[in-house]
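*Asks:* Here it is: the structure, laid out below.
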Amino acid sequence: MHLLLPGPTPIPKPVEQALLAAMTDHRGGAFETVQNRVLNGLAVLLGTDSQEHVAVLPASGTGGLEAAVQNLFHPNDRVLVVESGLFGRRFGEVAKAQQLKVDRMELTWGEALRPQAIMERIGAAPYRGVLVTHNETSTGVLNPIEELGGLMNQLPDPPLLVVDSISGVPAIPLTVQNGIDVIVAASQKGFMCPPGLAMIALSDRARSAVLVERAGRFYFDLWPYLKGQLPYTPAISLWYGLDAALQLLQQEGAEARLKRHQWLRDMVRAFGEAGGLEVLVPDHWASPTVTALGLPSSMNPSQFRRHLEQKGLQIAGGLGEWHHRVIRVGHVGAIDVGDLWAGLGLMAPYLPHPQQSLEAAMRVASIADQPRLEREEAL
C-alpha cells in the first residue's frame, strides 16, 4: 500500500528494525543511553539550550498541546488563539477545556496568518499567550511563524508564543529562538515513526514559566521530564524508533530535507492543477508537507479515495469546511520523488486530464536537482 497521507507516514527500514529491539528496563543503563541520545538530538533539532528544555511524552500530538497549555497557563489566563483551519480551532478547544479565557482570531480557510494583524491584537489586550499553528494540516497552509516570532520578540514583555508544529518540524525547520517559546511536535509525521510520542521544546523563557503547581494537572506535569526523569512507563519501542529516525534526519540535514519536501509539494501542485483539480492555497503559503486539492463538483471525494485505496493508494479526505469537496495529499517524511511518482501514477487515471497531470508532475521531477531559484525560473 502506498501512503500519501499527512500522517501516519511511511516508516523507513532502519526505524522499523529499531522498533523491533528487545524490551528493556526503562530505568536501566541501556535505555538511559537511548534516552540521552534522543533528548540531545531533539535539543539540537529544535534549537534548545539543552535536553532539560525538551520533553517526550507518551501521547499523541493533541496530548502535547494539552500539556503545553496545562504547564504554562493558569485557569482564567487570557490567550489569543489564531485559527487558520481545523487544527488551529482544536488548539483553542484544548485551551478552553483547560479553563483559559480564549480570544479567537478566525482566518478564512486557505489563508495564512498575517503577523502584523496579530501584533495589533496583542497591543489591544493583555494576553498571557498566543497559540498558533505552524503548518495547518487541514488546509495545507504554512504560516509565517518565524516572522511573527521576530515581531513579538521586539516587545518588552511579549506573550508566550506557543506553536503547534505537529505537521511541520522536522520536515520544515523551526526552532525555539527569536521569539518562539514552545514547539509541539509528534512522532507520526516528519519524524517517520508510528504514532504515540508527543515532543515539546521550550525556550529559556518558557522553561522558566512552567508552573510549579497547576490545578487539574497530573499526567502531563512537565517538571519530571525537564529534570531528566521518566515519571511513567515510556513507550520504549517508540523511543528506539525515534532514536533511529533522528540519526536519519541528521544524515540528511535540514536544508536538504526542506528542499526535498518543497520538490514533492511542487510536483503535487503541478499534477493537480494540470489534471483538472483546484489548487486551493497560493504558492507563497503552500505547505511543503500536505496539499489540499479541490475536486470538480462531479467527483465525490469519499468515492474517489475508495477507488484509490482499492488500487493500493491511501490519501486523506478534506476536513471541516472542506470535507465535501477536497482531498489532501501528504508528501511528508520518508518519501522521495520516486515514491510520490508511483502514488500519483495510481491517482492520474481518475482525474479529468490524466495525461496532462503526469506530464506536469514529470516536468517538476525532472528539474528537482536544480537550486530552488533556477527551478522557479524554469517552471
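*Asks:* I'd like to verify a number: residues in the range 48-88 that are surrounded by fewer than 18 Cβ atoms within 10 Å (Cβ to Cβ) and within 18 Å of the chain's Cα centre (by Cα), how many?
*Replies:* Here the count works out to 2.
*Asks:* Let me ask something else about it. Limited to the range 83-106, what total is found for residues that are in contact (Cβ under 8 Å) with a residue 60 or more places away in the chain and basic (Lys, Arg)?
*Replies:* So the answer is 1.
*Asks:* Among the numbered conditions (1) in a helix (DSSP H, G or I); (2) under 22 Å from Glu16 (Cβ atoms); (3) among the aliphatic types (A, V, I, L, M), tell me where Leu258 comes up short.
*Replies:* Condition not satisfied by Leu258: (2).
*Asks:* Can you tell me how many residues within the range 257-295 are under 18 Å from Leu5 (Cβ atoms), in contact with a Pro (Cβ under 7 Å, 6 or more places away or on another chain) and either of a type in the set (D, E, K, R) or in contact (Cβ under 8 Å) with a residue 60 or more places away in the chain (or both)?
*Replies:* Residues meeting the conditions: 4.
*Asks:* Based on this model, can you work out whether Val38 counts as within 29 Å of Gln177 (Cβ to Cβ) and surrounded by 19 or more Cβ atoms within 10 Å (Cβ to Cβ)?
*Replies:* yes
*Asks:* Suppose we filter Val82, Val102 for residues that are within 15 Å of Ser165 (Cα to Cα), of a type in the set (A, V, I, L, M) and at pLDDT 95 or above; which single one remains?
*Replies:* Val82
*Asks:* Still on this structure, please answer the following. State yes or no: is Ala97 of a type in the set (A, V, I, L, M) and surrounded by fewer than 16 Cβ atoms within 10 Å (Cβ to Cβ)?
*Replies:* yes
*Asks:* Something else about it: What tally of residues in the range 131-161 results from selecting those that are surrounded by fewer than 20 Cβ atoms within 10 Å (Cβ to Cβ) and outside any loop (DSSP other than H, G, I, E, B)?
*Replies:* Adding up the residues that qualify gives 4.
*Asks:* Among the numbered criteria (1) touching a residue at least 24 places away in the same chain (Cβ under 8 Å); (2) in a loop (DSSP other than H, G, I, E, B); (3) surrounded by fewer than 24 Cβ atoms within 10 Å (Cβ to Cβ); (4) not basic (Lys, Arg), which single criterion is violated by Ile166?
*Replies:* (3)
*Asks:* Test Arg269 against the criterion of being basic (Lys, Arg), in a helix (DSSP H, G or I), on the phi < 0 side of the Ramachandran plot and in contact with an Asp or Glu (Cβ under 9 Å, 6 or more places away or on another chain), and give yes or no.
*Replies:* Here the answer is yes, as Arg269 does meet what is asked.
*Asks:* Additional query: For residues that are at pLDDT 95 or above and out of contact with any strand residue (DSSP E or B) (no Cβ under 7 Å at 6 or more places or on another chain), scanning just the range 177-190, find the one that is nearest to Ala18 (Cα to Cα).
*Replies:* Gln188
*Asks:* Which residue pairs have Cβ atoms closer than 8 Å, lie 6 or more positions apart in sequence or on different chains, and pair a first residue in the range 127-152 that is assigned by TED's automatic domain parsing to the domain that holds Lys101 and at pLDDT below 95 with a second residue that is assigned to a loop (DSSP other than H, G, I, E, B) and polar (S, T, N, Q)?
*Replies:* As it stands, the answer is none, since no pair meets every condition given.
*Asks:* While we're here: Of the numbered conditions (1) over 22 Å from the mean Cα position of the chain (by Cα); (2) aliphatic (A, V, I, L, M); (3) in a strand (DSSP E or B), Leu230 satisfies every one except a single condition; which is it?
*Replies:* If we test Leu230 against (1) over 22 Å from the mean Cα position of the chain (by Cα); (2) aliphatic (A, V, I, L, M); (3) in a strand (DSSP E or B), just (3) comes out false.
The values are calculated or read from the model by the stated rules, or taken from the named source; none is laboratory data. These figures come from a predicted structure and were not determined experimentally. Ideal geometry is used to build each Cβ from the backbone, glycine not excepted, and the neighbour counts take in all protein chains shown.
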